[in-house]
Each structure stands twice: as C-alpha cells, then as structure tokens.
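The values are calculated or read from the model by the stated rules, or taken from the named source; none is laboratory data. Model, not experiment: these values are computed from the prediction. Virtual Cβ from ideal backbone geometry, glycine too; neighbours counted across all protein chains shown. Accessible surface is based on the protein model in full, side chains and every heavy atom, while ligands, DNA and RNA are left aside. Shrake-Rupley method; radii C 1.70, N 1.55, O 1.52, S 1.80 Å.
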Amino acid sequence: MNSNRWQMVDELDRPMNLHEGDFCFYYLICTPRGGYRHSEANQTVLNYKIPVGTERGLRARPDRTRYKLKAIRQYSDALVEFLEGRHPKATDESLASLGYRVGLVPIPPSMRPDSQDYDDRNEQQVCRAVCSKLGLRLCHDIETAVPGIASHVGGTRKIENIEDTLQRVATDANTCEFVFLVDDVLVTGAHFSAAKSLLCRTGFQGQVFGLFLARAQY
C-alpha cells in the first residue's frame with residue numbers, strides 16, 4: 001500500500017460533523033452500498049468490517065477470517081507508512097520516532113467489550129500492532145458504555161448522543177502530545193467529534209487527529 005494515497009479532509013469538503021480545527025486523514029475512498037464488486041477499496045472496507053455475529057459473521061463463517069485479517073494487515077501497514085512519513089511542524093522527526101509522545105486511541109464499536117459479538121479490529125488488531133512496531137503509546141481510553149445501533153445500519157449520527165454512549169476508562173492519552181483517533185470509515189465525522197470531545201473534557205490538552213481506513217463517498 002502506498003502512503004501517497006493518504007489524503008487530508010479539505011476544509012471546503014468537510015463532513016457535516018467535523019469543524020474548523022479538526023484534522024482528519026483517510027486512506028481509501030469507498031462507496032457505501034456499492035458492494036464488493038464496486039471497487040478494491042470497497043472490498044477492503046467490507047472485509048475489515050466483517051462482523052463477529054450475524055449469519056455471515058466470523059462465528060458462522062470462520063472461512064471469512066482470512067479476508068478480514070488481510071484487510072487488517074493492509075490498514076496496519078498503511079498506518080505505519082503514514083506515521084513514518086509525517087513530521088510535526090517545526091521538527092524534522094517523524095511521528096513514528098516520537099515514542100510515547102504519540103498515542104493511538106481506537107474508537108470503539110457500538111457494542112460493549114463484554115458483548116459476545118464485540119469486534120476489536122480497531123484496538124487489538126490494528127492499533128496494538130502499529131504501536132508495538134513503532135514504539136508508540138496504545139491508549140485504551142474510551143469504551144462503549146451503552147450499546148447502540150451502528151451508524152451504518154441506521155444508528156444516530158448526532159455527536160452529543162454518541163458521546164453519551166461512551167465512557168473514559170483510562171487517561172493514558174493525557175500524557176501524550178499528539179493523539180490519533182483511529183477508526184474505519186469517515187462518513188459525517190460524528191464518532192470522531194464525540195471521542196475528541198470526551199478526551200478534551202476529561203483532561204487531554206494536546207493535539208487530536210483522526211485516521212481512517214476510508215472515507216465514504218456517495
């Protein structure tokens with residue numbers, strides 16, 4: 001995967017729930033409801049989001065695990081390239097070289113961690129692998145406290161409603177200078193904004209960025 005494919009959300013084309021001062025980056029462009037055959041990006045995103053439960057999930061269809069793991073590796077590799085290739089202002093050091101000054105915070109899924117269908121793709125599979133390879137801080141700071149309906153199947157996209165479902169369970173991010181909220185698909189930016197708001201009102205004083213596997217384009 002090529003790091004040159006990373007793009008920053010342009011202020012002239014900002015999703016409705018992102019605001020001035022929100023800096024988010026995405027790797028692919030996917031088309032919701034376009035299906036696997038629409039594009040390679042769609043294939044990667046849909047494989048990354050294969051659920052644990054449901055009749056087509058990993059529990060019922062363990063043969064699909066290899067497709068999900070491939071997508072997870074692709075996202076992990078892309079994140080490593082992004083972090084190795086980006087430099088904070090006023091320094092020649094890459095983000096990847098800053099150690100625990102940089103933290104990755106996985107945005108949790110709509111289920112609680114104790115759910116049998118909980119999918120840890122953002123945390124265990126992606127953020128943990130990237131932090132382990134680059135020596136960055138993995139910040140398991142945010143969990144879903146109140147399960148809800150996932151946004152892509154009709155759940156809320158109101159920032160305040162989403163924030164009400166989240167809880168701060170640790171403060172590791174507060175020791176970091178730069179924190180990246182890691183998620184799969186950027187649609188309206190509501191989950192990013194809710195997680196950012198929760199971090200900032202509970203003690204984080206550094207800079208927050210968003211990293212996404214893909215941006216939805218309708």
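When 199, 186, 211 are screened for being over 12 Å from the mean Cα position of the chain (by Cα) and among the hydrophobic types (A, V, I, L, M, F, W, C), only 199 passes.
Yes or no: the stretch 93-106 includes at least one residue that is open to solvent by less than 70 Å² (accessible area, probe 1.4 Å), without any contact (Cβ under 8 Å) to a residue 40 or more places away in the chain and touching a helix residue (DSSP H, G or I) at 6+ places or on another chain (Cβ under 6 Å). Checked against the condition, which is being open to solvent by less than 70 Å² (accessible area, probe 1.4 Å), without any contact (Cβ under 8 Å) to a residue 40 or more places away in the chain and touching a helix residue (DSSP H, G or I) at 6+ places or on another chain (Cβ under 6 Å), the stretch 93-106 yields at least one hit. Residues that are touching a helix residue (DSSP H, G or I) at 6+ places or on another chain (Cβ under 9 Å), of a type in the set (Asp, Glu) and surrounded by fewer than 17 Cβ atoms within 10 Å (Cβ to Cβ) do not occur anywhere in the stretch 179-201. Does residue 44 count as in contact with a Leu (Cβ under 8 Å, 6 or more places away or on another chain) and open to solvent by 40 Å² or more (accessible area, probe 1.4 Å)? In short, no.
Is it the case, given these coordinates, that residue 54 is among the β-branched types (Val, Ile, Thr), exposed (fewer than 15 other Cβ atoms within 10 Å of the Cβ), at pLDDT below 95 and at positive phi?
Taking the combined requirement at face value, the residue satisfies it.
No other residue among 116, 125 is open to solvent by 50 Å² or more (accessible area, probe 1.4 Å), within 13 Å of the chain's Cα centre (by Cα) and modelled with pLDDT under 95 apart from 125.
With the structure loaded, tell me whether residue 64 is open to solvent by 80 Å² or more (accessible area, probe 1.4 Å), free of Cβ contacts under 8 Å to residues at least 40 places away in the same chain and either at negative phi or not in a loop (DSSP other than H, G, I, E, B) (or both) or whether it fails that test. Here the answer is no, as residue 64 does not meet what is asked.
Kindly establish whether residue 72 is of a type in the set (A, V, I, L, M), in contact (Cβ under 8 Å) with a residue 24 or more places away in the chain and open to solvent by 30 Å² or more (accessible area, probe 1.4 Å).
no
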